[in-house]
Amino acid sequence: MIGAPEETRLQRLINGLKLQGIDDRKVLHALEFTPRDLFVPELFLDRSWEDSAIPINCGQTISQPYIVALMTQALKIEGRHRVLEIGTGSGYQTAILARVARYVYTIERYRSLMVEAEIRHKRLMLENIIYRFGDGWEGWPEQAPFDRILVTAALPDEPSDLLNQLKPKGVLVGPLGKGSTQILVRYTRTPDGFEREDMSDVRFVPLISGVARES
Ligand code: SAH
């Protein structure tokens, strides 16, 4: 709603998330205290509090708040957890993770997006985030194993390297599929492999191998 005071728009967004089934208080709290307008390009500032994805630089998108909340809730993060995130993008989802986990390790294939995200996190005084410019498809072997892994770009295939970087009982959430619509999946590491649960249809930008060259 254009013109409404920010608090009203934020409250409207949070209430909408609750109505859609987001009931994890820590997750709702993290969204409530993370100013999304800091992560949205100037051109789209008035859409910051809408529950929709918004374009950012490098042809990428900042995810829809409902999807950010749904994925964070699905991870069942505990306060002592180390979380790996693939696809920093604007850094919005990273900031939400940083408020519910002990440490967040985040990987982005566009250096400029990573640098901009880091500046935003410093402004919010989020100091438990570790950044890597690189190809997230390979994960972060030097820092593995992780309690949780979140992938925010569409996985073309089962992410076996990433799954193998999970601790026992660890959980990975991400969109899986090669088409324009993917399915949000949750893998849990079990004593004899991985259990997969299919959640809902989602639309994400594709995960692309290798780092991006920027002019
Ligand atoms: N969570 C982000 C959404 C980013 S969109 C946000 O809230 O803003 C997905 C991001 O994944 C893009 O920034 C894209 O550049 C990045 N990405 C795609 N393939 C990647 C890869 N192989 N390794 C690391 N990052 C990747």
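Which whole-Hz couplings ³J(HN,Hα) result when phi for each residue of the stretch 91-98 is put into the Karplus expression 6.51 cos²θ - 1.76 cosθ + 1.60, θ = phi - 60°, listed in order with x for Gly and Pro?
Karplus-based 3J(HN,Hα) across the stretch 91-98 equals x, 5, 4, 4, 4, 5, 4, 5 Hz.
Can you work out the accessible area per residue across the stretch 4-202, with the rest of the protein chains kept in place, probe 1.4 Å, in square angstrom?
Values: 9100 Å² over 199 residues.
I get 46 Å² per residue for the stretch 4-202.
Which percentage, to the nearest 5, of the DSSP beta bridges contained in the chain is antiparallel?
Details: 16 of 36 bridges.
The antiparallel proportion sits near 45 percent.
Please report the projected area of the stretch 128-195's Cα convex hull averaged over all directions, in nm². List each step's numbers first, then the result.
Working: hull surface 19.9 nm².
The number I arrive at for the stretch 128-195 is 5.0 nm².
Show that you can apply the helix-only estimate: for the chain, add -39,500 (n - 2.57) for every DSSP H stretch of four or more residues, divide by all residues, and state [θ] at 222 nm to the nearest 500.
Working: 6 runs with 59 residues, N = 215.
-8000 deg cm²/dmol, from helical runs alone.
Going by amide H atoms built from the backbone, whose H comes under 5 Å of the H on Gly170, apart from near neighbours?
Hits under the 5 Å cutoff: Arg189.
Could you give the angle, 0 to 90 degrees to the nearest 10, between helix 6-19's Cα long axis and the longest principal axis of the Cα atoms of the chain?
Its long axis makes an angle of about 40 degrees.
Leaving out ligands, DNA and RNA, and with a 1.4 Å probe, what % of the accessible surface on the stretch 4-202 is carbon or sulfur? Walk me through the intermediate numbers first.
On the way: 4490 of 9100 Å².
The nonpolar share, carbon plus sulfur, comes to 49 percent.
Please report, in debye to the nearest 20, how large the charge dipole of the chain is about its Cα centre when each Lys and Arg carries +1 at its beta carbon and each Asp and Glu carries -1 there. The partial results should precede the final answer.
Working: 27 positive and 29 negative charges, 83 e Å.
It works out to roughly 400 debye.
Name the long-range amide H neighbours of Tyr105: under 5 Å, sequence gap of 5 or more, or other chain; modelled H, no Pro or chain starts.
When sequence neighbours closer than 5 places are left aside, the close amide H contacts are Val83, Leu84, Glu85, Ile130.
Select from Leu184, Leu70, Phe33 the residue farthest towards the positive end of the dipole of the chain; place +1 on Cβ of Lys and Arg, -1 on Cβ of Asp and Glu, and compute about the Cα centre.
About the Cα centre, the residue reaching furthest to the positive side is Phe33.
What are the ³J(HN,Hα) values, in whole Hz, obtained from phi via the Karplus relation 6.51 cos²θ - 1.76 cosθ + 1.60 with θ = phi - 60°, for each residue of the stretch 134-139 in sequence order, with x given for Gly and Pro?
Per residue, the Karplus-derived 3J(HN,Hα) values read x, 9, x, 4, 8, x Hz.
Counting only pairs 8 or more places apart or on different chains, how many lysine pairs in the chain have C-alpha atoms closer than 24 Å?
Working: Lys18/Lys26; Lys18/Lys76; Lys26/Lys76; Lys26/Lys122; Lys26/Lys167; Lys26/Lys169; Lys76/Lys167; Lys76/Lys169.
For the chain, the number of qualifying lysine pairs is 8.
Viscosity 1.002 mPa s, temperature 20 °C: Stokes-Einstein D of the chain from its Kirkwood Cα radius, in µm² per second?
Details: Rh = 17.3 Å.
The Stokes-Einstein estimate is 124 µm²/s.
Rounded to the nearest 10 degrees, what's the angle between the helix 111-123 long axis and the longest principal axis of the chain, both from Cα atoms, 0 to 90?
That works out to roughly 60 degrees.
Output wanted: per-residue J couplings in Hz (rounded whole) for the stretch 52-69, from phi through Karplus 6.51 cos²θ - 1.76 cosθ + 1.60, θ = phi - 60°, x for Gly and Pro.
Using θ = phi - 60°, the values come out as 8, 6, 9, x, 10, 4, 6, x, 9, 9, 8, 5, 5, x, 4, 5, 4, 5 Hz.
Quick one: which of 118-129, 187-198 comes out on top by average Cβ neighbours within 10 Å, and what's the full order, highest first? Please report the intermediate quantities before stating the final value.
Values: 118-129: 14.5, 187-198: 12.6.
Taking the mean over residues of other Cβ atoms within 10 Å, the ranking is 118-129, 187-198.
The values are calculated or read from the model by the stated rules, or taken from the named source; none is laboratory data. Model, not experiment: these values are computed from the prediction. When we count neighbours, we look across all protein chains shown, and the Cβ atoms used for this are built from the backbone with ideal geometry, even at glycine. For the accessible areas, the whole protein counts, side chains as well, though only heavy atoms, and no ligand, DNA or RNA atoms are used. Shrake-Rupley method; radii C 1.70, N 1.55, O 1.52, S 1.80 Å.
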